[in-house]
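> Please find one structure pasted underneath; my questions will follow.
The values are calculated or read from the model by the stated rules, or taken from the named source; none is laboratory data. None of the values given here were measured: they were computed from a predicted structure. Virtual Cβ from ideal backbone geometry, glycine too; neighbours counted across all protein chains shown. What goes into the accessible areas is simple: the full protein's heavy atoms, side chains included, and nothing from ligands, DNA or RNA. Shrake-Rupley method; radii C 1.70, N 1.55, O 1.52, S 1.80 Å.
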Amino acid sequence: MMQTNRSLVCRNCERIPLGRVPIVGTDELAEEVKSGVRCGGRLAALFVQPQGGKYRLFAILLTGKEGSIRVASSMVNQSYPCLTRDCTQAHLFEREIAELWDIEPRGHPWLKPVRFVKSPIGMTEFFHVEGSDVHEVAVGPVHAGIIEPGHFRFNCAGEEVLHLEISLGYQFRGIEQSLKGGPHRRTIHHMETLAGDTSVGHATAFSQIVETLSGCRVSFRAIALRSIALELERLANHTGDLGAMAGDVGFLPVAAHCGRIRGDFLNLTAMICGNRLGHGIARPGGIGQDLDGGDLALLAERLHRLYTDVSIAAELLWNTTSVANRFEGTGTIDMDRCRELGIVGPVARAAGLEQDVRLEYPSDIYRFAQIPVSCWNMGDVFARAYVRWLEISRSVEFILARIAGLPKENTRAKTGSMSSDSLCISLVEGWRGEICHIACTDGDGRFSWYKVVDPSFHNWSGLAWAMRNQQISDFPLCNKSFNLSYCGHDL
């Protein structure tokens, strides 16, 4: 931990005495963020928390390969100079701040509701393109099938999309506010349902927060099993996405095979915790339950078989010309745009950005066993599909290696009281990308506030940009290739 004039430099999952985080002027905080982003860093979180009758603005900046995190803060009243005009990555965070706390980022180009917390849901002014050939297409918030609510407003010239505006917030639950005063008995269940397809990812990030603040030492076996569950979550969702993309271009053999294989990966998760949702695995101090030698051997044997199955399906996908024609060059978002917007996860890696929390900010077992970063460089639907396939291969290899070297230890350590007046940042590479949890404790060692940033919060803007100059009929395919979470955005 190191303190500079404008920020505190720390590591992932490190306990920080709150008093050591510098409080600087808003101009200095803005300069810290802008200079960090100019040097290749990324704004992981920007948020406001009440403190002593005032508001404290926090900026969490990731500086890439150095593996360090910069924390800067400033006291603000009812307004401050906005960061968005010089740092695009701040635009959605600043809209959230204005909506939740009635604090105006002065000069923000368009302060609109993010989740309609204090205004009628869905009622807002949309961006409008003028022109004799321009027309609008509104989709949602109610969609076919079982997907969650969200509104998409296309401005089109004929079939070509000029602009897509995405309006979410239809299922705002006030999760962060409910975590204040915790952790309590319901907290872990809140974490496992923040985004239903990322139960292990969010529960792991929360567990790391509690373990760090309580000084709990988790066994090697427990963090290895926790990482196995995290990679199984990645395997199931990536395989499901490959199948969904195949289905959207009418290639039903791979869609059907991947749908079945995804279910089998979920069944492996059920072997660990008794359900296919990943509930009950990650717990502060370790994991919910252990596996015996027979379970581990069966897990490895089934994993070998499933990898063979998904390899055949993927090979069929890559070698089909009609699929390549639809995937290649569709929904492209380049590296510079990803960097400007702060895009994370497989979407960023498909555009050539080598960023992965497991390598840059390792925690748990990833401190001792690294997974190579899976990248491609085209930034289109094909690249996003291919990065998923690369990650499937590497996750299978990683899980088999962990099973082979698993020591015999207790899998659950007791967590004590958390340190008072402390702050902790927990980063986890979920299957969709970077998960960021930030917690602060009060004088009694309880959460005085808790902030969650799901990877979807960063990436919805990327989907809108990927649709520019595309045919509107490409939207389902582009949407599947991003596969973002509505509820993860609407916390």
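> Does the range 275-285 contain any residue that is outside any helix (DSSP H, G or I), in contact with a strand residue (DSSP E or B) (Cβ under 8 Å, 6 or more places away or on another chain), under 23 Å from I435 (Cβ atoms) and open to solvent by 10 Å² or more (accessible area, probe 1.4 Å)? Explain how you work it out, then say what you get.
Let us first name the residues in the range 275-285 that are outside any helix (DSSP H, G or I), namely 275-285.
Still in the running and in contact with a strand residue (DSSP E or B) (Cβ under 8 Å, 6 or more places away or on another chain): 281, 283, 285.
Filter once more, keeping what is under 23 Å from I435 (Cβ atoms): 281, 283, 285.
Narrowing further to those that are open to solvent by 10 Å² or more (accessible area, probe 1.4 Å): 283.
Looking for residues that are outside any helix (DSSP H, G or I), in contact with a strand residue (DSSP E or B) (Cβ under 8 Å, 6 or more places away or on another chain), under 23 Å from I435 (Cβ atoms) and open to solvent by 10 Å² or more (accessible area, probe 1.4 Å), one finds at least one in the range 275-285, hence yes.
> Then there's this: Within the range 430-470, count every residue that is in a loop (DSSP other than H, G, I, E, B) and more than 22 Å from L230 (Cα to Cα).
Number of matching residues: 9.
> Here are G250, G342, G259: which of them is out of contact with any Phe, Trp or Tyr (no Cβ under 7 Å at 6 or more places or on another chain), surrounded by 22 or more Cβ atoms within 10 Å (Cβ to Cβ) and at pLDDT 95 or above?
G342
Yes/no per residue for (1) in a helix (DSSP H, G or I); (2) open to solvent by less than 10 Å² (accessible area, probe 1.4 Å):
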position	(1), (2)
I209	yes, yes
T212	yes, no
R217	no, no
A222	yes, yes
L225	yes, yes
L232	yes, yes
T239	yes, yes
L242	yes, yes
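> Determine, yes or no, whether G41 is touching a His at 6+ places or on another chain (Cβ under 6 Å) and at pLDDT below 95.
Numbers: touching a His at 6+ places or on another chain (Cβ under 6 Å): no; at pLDDT below 95: yes.
Here the answer is no, as G41 does not meet what is asked.
> Residue by residue through the range 153-176, note down the ones that are under 12 Å from F475 (Cα atoms) and part of a loop (DSSP other than H, G, I, E, B).
Hit for the range 153-176 is E159, nothing else.
> So how many residues does the range 230-255 have that are within 17 Å of the chain's Cα centre (by Cα) and hydrophobic (A, V, I, L, M, F, W, C)?
Summing the residues that are within 17 Å of the chain's Cα centre (by Cα) and hydrophobic (A, V, I, L, M, F, W, C) in the range 230-255 gives 4.
> Moving to a separate point now. Does I16 qualify as being touching a Ser or Thr at 6+ places or on another chain (Cβ under 7 Å), open to solvent by 10 Å² or more (accessible area, probe 1.4 Å) and of a type outside the set (K, R)?
no
> Next question. Against the conditions (1) in contact (Cβ under 8 Å) with a residue 24 or more places away in the chain; (2) in contact with a helix residue (DSSP H, G or I) (Cβ under 9 Å, 6 or more places away or on another chain); (3) open to solvent by less than 40 Å² (accessible area, probe 1.4 Å), where does K112 fall short? Just the number, please.
(1)
> Hey, C440 hits all of (1) in contact (Cβ under 8 Å) with a residue 60 or more places away in the chain; (2) under 25 Å from the mean Cα position of the chain (by Cα); (3) crowded, with 24+ Cβ neighbours inside 10 Å but one; which does it fall short on?
(3)
> Is the range 470-478 home to any residue that is touching a Lys or Arg at 6+ places or on another chain (Cβ under 6 Å) and open to solvent by less than 10 Å² (accessible area, probe 1.4 Å)?
Looking for residues that are touching a Lys or Arg at 6+ places or on another chain (Cβ under 6 Å) and open to solvent by less than 10 Å² (accessible area, probe 1.4 Å), one finds none in the range 470-478, hence no.
> Ok, one more. Filter the range 413-432 down to the residues that are buried (at least 18 other Cβ atoms within 10 Å of the Cβ) and in contact with a Pro (Cβ under 7 Å, 6 or more places away or on another chain) and list them by number.
If the condition is that a residue be buried (at least 18 other Cβ atoms within 10 Å of the Cβ) and in contact with a Pro (Cβ under 7 Å, 6 or more places away or on another chain), then T415, S422, G430, R432 are the ones that fit.
> Still on this model: Tell me, which residue of the range 356-411 that is farther than 24 Å from L306 by Cβ and either of a type in the set (V, I, T) or touching an Asp or Glu at 6+ places or on another chain (Cβ under 8 Å) (or both) is most open to solvent (accessible area, probe 1.4 Å)?
M378
> Which one of A222, A195 is touching a Cys at 6+ places or on another chain (Cβ under 7 Å) and within 27 Å of P362 (Cα to Cα)?
Going through A222, A195 in turn, the sole match is A195.
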